[in-house]
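Colleague: Here it is: the structure, laid out below.
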Amino acid sequence: MSPVFPMLTVLSMFYYMCLRRRARTATRGEMNSRRAIESNTRALPINVEIVQYAKEVLDFSSHYGSENSMSYTMWNLAGIPNVYPSSGDFTQTAVFRTYGTWWDHCPSARLPFKRTPPTFCSQDYVELAFEEPVYPTAVHILETYHPGAVVRILACSANPYSQNPPAEVRWEILWSEVPTKVNGPQARQFTPCIKQINFPTNLIRIEVNSSLLDYYTELDAVVLHGVKERPVLSLKTSMIDMNDIDEDEDEDKYGCGMDNLNKQFSIVTLREWPSNGYFDKLPYELIQLILSHLTVPDLCRLAQTCKLLYQHCCDPLQYIHLSLQPYWARINDTSLEYLQSRCTLIQWLNLSWTGNRGAISVSGFSRFLKVCGSELVRLELSCGHFLNETCLEVITEMCPNLQELNLSSCDKIPPQAFNHIAKVGSLRRLILYRTKVEQTALLSILNFCSELQHLSLGSCVMIEDYDLIASMMGAKCKKLRSLDLWRCKNITESGIAELASGCQLLEELDLGWCPTLQSSTGCFTNLARKLPNLQKLFLTANRSVCDTDIEELAANCTRLRQLDILGTRMVSPASLRKLLESCKDLSLLDVSFCSQIDNRVVLELNTNFPNVFIKKSFTQ
C-alpha cells in the first residue's frame, strides 16, 4: 500500500468534516431565520422579567479587605449599591487583592504553567447567590473605580438554597472576553451581551483579570435580570431536526471540549491504520516537542487519530507540568482517574479552583496522589474547598519531594490539619493566605521547614502572637526571601527586630495594614538598615511612616523596586525626591491618600522620574 494513502484518507476526512460543518451552519442559519419569522407572526406568552440584586456572596478567591470587617471586602457585593453612580476609592465596595503586573515582577512571583489555553486569563473570581432561579436575560455589573477587569460571567445549574443537591453540577459561560484597557477610572454599568442557557440559575460567577489596570478595580453590586419560564419555540421551529445542530460546537472557548474530556481520556481502542504517514520518519523527541505546545483537550483529541500519536499523547513526559485550573468546571474524580496513568512523572500540578461542590472527593484526590505524587515538586490547590485533614496528610505522605504548596483561600481546612505540613522538610514556598492555620501548627512548620524561601501569611486571623512567629522565623528560616504579613493585627517592633536580624536575605516584605507598627519605635528604620536587599516593601495604611523612614530606605535599600506608603500623613515631597534619586530601579510608588502629596507634586515627580509609576488615588 502506498505510504501516501493514509495522508489522503486524513485529507478526505478533513474535507468531509468541513462540508458537514458548513451544512450545520446553513441549517442553523435557516432555523434562526425561521425563528425570526415566527417571532414576528406569532404572539408569545408574556413572561415577566425579574430584577434582583445578589442576596449572598458564597465564595471568592481573594479580597483587599480584612476577614473581620466589611471595608474593601467581597461581601460588599451583596445587596443594593452602596456607591454607584459615584466614582472613586470607597471602602464600601468589593476589591480584589492585586492589580496590574506588579505582582509578576517581584521576588515571590511564580513561574506560569505552560499549556494554559490562551482564552483562559482569569486571575480571581467571586460567586454570588440570588433569591430566585431565573433564565438570565441580562447581567449588570456596577463598577465604581478602574473598570474593565471582568473577563468572564458564568451561570451554575445548582441552587445554593435547595435542600436536595443535584446529581450533576453544570456551569455555562454567559459571556467571556480577553482583558481590555478602559480609558479612565470613572464608574460605569457594565452590561455585556449574554448567551441564553437552557436551565434556570440563581448562582452567578464573575471572573476577573486586573493585569491591564492602573489600580485596584472596585465593584459595587451585581444585578441579575431573568424570567421564570424558558421561552417556548413555535411548533414549526421545533420540527427542525435538532440532531443536525451541534449545540456545543461554539461552546466555551475556555472549556475546550471538556464535556467530552473524560470520554477522550478513556479511549483505548483505535482504528488500525496501514501506516502513520510521514510521522514514522520523525524522531520521537521532535514529535514530543511539537505536541508539548498543545493543550490537554487537544492532546486527548489527537490521541484518537492514530496509534503512533496515541502513544505520544499518553506519554507521561507530556504531563510533567499539568494545569487543570482552566478546566475547573469540568474536572472531577473521573478526570483524575483517567489521568493517573499519564501523570506518573508529574512534577508541577495545578488543581486550583477545582473540585468544589462535590466534584472531587477526598478519596478521589487521595487515590490520584498515591499514584502520581512521588515526583511532585509544586502543588497548587488554591480555593480547593474539598480539602480536609486527610488530604493534607496524604500530601505530606505521598509527596516527599514537594517544594511548593499553595493553599490560598482553602478556608475549609480545620486548624489542626496544618500540623501535617511540618513533615515536608523540603518546602521552599508555602502560601497560607486566608487559611485557618493556628499558631502551634505554624510554629511547628517553621521549626521543621528551615528551607523556606517564600512564605505568605496574609489575612491569617487565627494567629495570636505574630511576634513569636517572627522570632521563630528569624531563628529558623535564614533563607527567607519573601514574606507576606498582610493584615496581621499584632506584630510589634519586637517581632520586626527579630525578623530583620535573622532573615537578612529578605527581598520582599508586605506589612500592609499592620496597625500595631509605629514609626516612633524605630521599627522601619531598623528594617531599612538590616535588609539592604529589599526590592518590595509594602507599608500600606500605616499612618506613622515619616520622612526619616523614607530617607533610611533611600540610603540603605537602593535596590528597591516597589514601595507602598498609602495613607501616611508624615511623608513630604522632599523625602520622596531623595528616594527616587537614590533608588534607580524603583518602578512603583503608591502615595494614595498621603496628605502632603497632592496632585501637583505627583505631576512634578512623574515629569522628573518618568520610569516610575506614581499612584495617587482619590475619592469624589
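Colleague: Could you please let me know if R561 is touching a Lys or Arg at 6+ places or on another chain (Cβ under 8 Å) and not acidic (D, E)?
Modeller: yes
Colleague: Tell me yes or no: at least one residue of the range 85-101 is of a type in the set (D, E), open to solvent by 10 Å² or more (accessible area, probe 1.4 Å), touching a Ser or Thr at 6+ places or on another chain (Cβ under 8 Å) and under 20 Å from E380 (Cβ atoms).
Modeller: No, the range 85-101 contains no residue that is of a type in the set (D, E), open to solvent by 10 Å² or more (accessible area, probe 1.4 Å), touching a Ser or Thr at 6+ places or on another chain (Cβ under 8 Å) and under 20 Å from E380 (Cβ atoms).
Colleague: Give me a count of the residues in the range 354-392 that are touching a strand residue (DSSP E or B) at 6+ places or on another chain (Cβ under 7 Å) and either over 14 Å from L322 (Cβ atoms) or at pLDDT below 95 (or both).
Modeller: Number satisfying all stated conditions: 1.
Colleague: Moving to a separate point now. For the range 517-554, enumerate the residues that are over 15 Å from L485 (Cα atoms) and either among the charged types (D, E, K, R) or in contact with a Pro (Cβ under 8 Å, 6 or more places away or on another chain) (or both).
Modeller: Scanning the range 517-554 gives R529, K530, Q535, R543, D547, D549, E551, E552.
Colleague: Sticking with this one: So, in the range 334-346, how many residues would count as being more than 25 Å from R152 (Cβ to Cβ) and open to solvent by 40 Å² or more (accessible area, probe 1.4 Å)?
Modeller: So the count comes out to 5.
Colleague: Sticking with this one: In the range 313-404, which strands (runs of 3 or more DSSP E) lie fully inside it and hold 1 or more residues that are under 20 Å from R301 (Cβ atoms)?
Modeller: Of the strands (runs of 3 or more DSSP E) lying wholly inside the range 313-404, those with at least 1 residues that are under 20 Å from R301 (Cβ atoms) span 321-323.
Colleague: Does at least one position in the range 193-202 carry a residue that is in the same structural domain as K55 (by the TED database) and under 22 Å from the mean Cα position of the chain (by Cα)?
Modeller: no
Colleague: Within the range 347-357, does at least one residue satisfy the condition of being closer than 18 Å to I395 by Cβ, in contact with a Cys (Cβ under 7 Å, 6 or more places away or on another chain) and surrounded by 17 or more Cβ atoms within 10 Å (Cβ to Cβ)?
Modeller: Yes, there is a match, as at least one residue in the range 347-357 is closer than 18 Å to I395 by Cβ, in contact with a Cys (Cβ under 7 Å, 6 or more places away or on another chain) and surrounded by 17 or more Cβ atoms within 10 Å (Cβ to Cβ).
Colleague: To continue, here is another question. Looking only at the range 498-529, count every residue that is within 19 Å of Q562 (Cβ to Cβ) and not hydrophobic (A, V, I, L, M, F, W, C) and tell me the total.
Modeller: 4
Colleague: How do the pairs read when you match residues in the range 554-565 that are touching a residue at least 12 places away in the same chain (Cβ under 8 Å) with residues anywhere that are of a type in the set (S, T, Y) and part of a loop (DSSP other than H, G, I, E, B), using Cβ under 8 Å and keeping only pairs 6 or more apart or on different chains?
Modeller: Note: pairs meeting the criteria are R561/S587; Q562/S587; D564/T540; I565/T540.
Colleague: On to the next question. So, in the range 358-384, exactly how many residues are β-branched (V, I, T) and surrounded by 18 or more Cβ atoms within 10 Å (Cβ to Cβ)?
Modeller: Looking only at that region, the number is 1.
Colleague: Pick from the range 511-531 the residues that are surrounded by fewer than 18 Cβ atoms within 10 Å (Cβ to Cβ) and part of a loop (DSSP other than H, G, I, E, B): which of them is nearest to the chain's Cα centre (by Cα)?
Modeller: In this case the residue turns out to be P515.
Colleague: Right, something else. Anything in the range 486-510 that is touching a Gly at 6+ places or on another chain (Cβ under 7 Å) and in a loop (DSSP other than H, G, I, E, B)? List them, or say none.
Modeller: W486, R487, C503
Colleague: What tally of residues in the range 408-442 results from selecting those that are open to solvent by less than 40 Å² (accessible area, probe 1.4 Å) and not in a loop (DSSP other than H, G, I, E, B)?
Modeller: Of the residues in that region, 12 qualify.
Colleague: Checking L566 against (1) of a type in the set (A, V, I, L, M); (2) open to solvent by 10 Å² or more (accessible area, probe 1.4 Å); (3) within 35 Å of the chain's Cα centre (by Cα); (4) over 23 Å from P107 (Cβ atoms): exactly one of these is not met. Which one?
Modeller: Condition (4) is where L566 drops out.
Colleague: Still on this structure: When residues of the range 163-192 are filtered for being within 15 Å of E218 (Cα to Cα), open to solvent by less than 70 Å² (accessible area, probe 1.4 Å) and not in a strand (DSSP E or B), how many remain?
Modeller: 4
For every residue, the table says whether it meets (1) within 25 Å of the chain's Cα centre (by Cα); (2) of a type outside the set (A, V, I, L, M, F, W, C); (3) over 27 Å from I287 (Cβ atoms).
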residue: L324; (1), (2), (3): yes, no, no
residue: Y327; (1), (2), (3): yes, yes, no
residue: T344; (1), (2), (3): no, yes, no
residue: W348; (1), (2), (3): yes, no, no
residue: I360; (1), (2), (3): yes, no, yes
residue: F365; (1), (2), (3): yes, no, yes
residue: C372; (1), (2), (3): yes, no, no
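Colleague: Exactly one of these conditions fails for S587: (1) modelled with pLDDT of 95 or more; (2) out of contact with any Phe, Trp or Tyr (no Cβ under 8 Å at 6 or more places or on another chain). Give me its number.
Modeller: (2)
Colleague: Ok, one more. If I filter the range 55-73 for residues that are in the same structural domain as I173 (by the TED database), open to solvent by 10 Å² or more (accessible area, probe 1.4 Å) and more than 24 Å from C410 (Cβ to Cβ), do I get at least one hit?
Modeller: Checking the range 55-73: at least one residue is in the same structural domain as I173 (by the TED database), open to solvent by 10 Å² or more (accessible area, probe 1.4 Å) and more than 24 Å from C410 (Cβ to Cβ).
The values are calculated or read from the model by the stated rules, or taken from the named source; none is laboratory data. Remember, predicted model here, so these are calculated numbers, not experimental data. Positions of Cβ are backbone-derived with ideal geometry, glycine not excepted, and every protein chain shown enters the neighbour counts. When the accessible area is computed, the model is the full protein with side chains, heavy atoms only, and any ligands, DNA or RNA have been set aside. Shrake-Rupley method; radii C 1.70, N 1.55, O 1.52, S 1.80 Å.
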